[in-house]
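Note sheet for the following structure.
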Amino acid sequence: MITKVVLKNWRSHLNSTLDFSSGTNAMIGIMGSGKSSILSAMCFGLFGTNPEIQSRKLKLDELIMNKPSVKDMAEVEVSFKIDGINYSVKRIIEK
């Protein structure tokens, strides 16, 4: 089970932390608020890639925040629990 996601300079997320509880969790927000970016980051954090990168719709540099200010790196950390053991994966993208 995924327990926590931390995003730094990831697309529209300057510094976002999401804590997930057991059971069903929902992300609700207006269009363009970054819900899909969170799912993309979770995929990238766990597998080192995501469908946008694999289909070449995006380059790695395009995942780094560029609005309202340009950043030099992005960071994704995904924490999860399997069989009662806590794990964490952190991936960093640098220009």
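A short reminder: the numbers here are calculations on the coordinates, not readings from a lab. Predicted, not measured: the structure shown is a model, and the values here were computed from it. Here the Cβ positions follow ideal geometry from the backbone for every residue, glycine too, while neighbour counts run over all protein chains shown.
Once the C-beta distance of LYS35 and ASP83 is scaled by a Förster radius of 35 Å, the resulting FRET efficiency is 0.75 to the nearest 0.05. Once each part is reduced to its C-alpha centroid, what is the distance from segment 71-95 to segment 1-47 in angstrom? If we compute the Cα centre of each part, the gap is 12 Å.
Sparsely packed loop sites in segment 47-90 (the trypsin sites (Lys or Arg not before Pro) outside DSSP H, G, I, E and B with at most 10 other Cβ atoms within 10 Å) comprise ARG56, LYS57, LYS59. Here's the picture: a label point sits 7 Å out from the Cα of LYS4 along the beta-carbon direction, and within segment 67-81 the residues with their amide nitrogen under 18 Å of it are 75-81. Charge tally around MET73: other residues with Cβ under 10 Å, Lys/Arg +1 each, Asp/Glu -1 each, net 0. Based on Cα contacts under 8 Å between residues 6+ apart, the chain shows a relative contact order of 35 percent. Just checking the listed ones, ILE38, ILE53, ILE64: in the Gaussian network model of the chain with Cα springs under 10 Å, the one fluctuating most is ILE53. In the chain, the DSSP-assigned H stretches of four residues or longer account for a calculated mean residue ellipticity at 222 nm of -5000 deg cm²/dmol, using -39500 (n - 2.57) per stretch and the full residue count as denominator. Springs between Cα atoms under 10 Å define the GNM used for the chain, and in it the highest mean-square fluctuation of ASN66, ASN25, ASN50 occurs at ASN25. Each Lys and Arg Cβ is given +1 and each Asp and Glu Cβ -1; about its Cα centre, segment 1-94 then shows a dipole of about 180 debye. Across the options ILE53, PHE20, SER79, the greatest Cα extent toward the positive end of the charge dipole of the chain (unit charges at beta carbon of Lys, Arg, Asp, Glu) belongs to ILE53.
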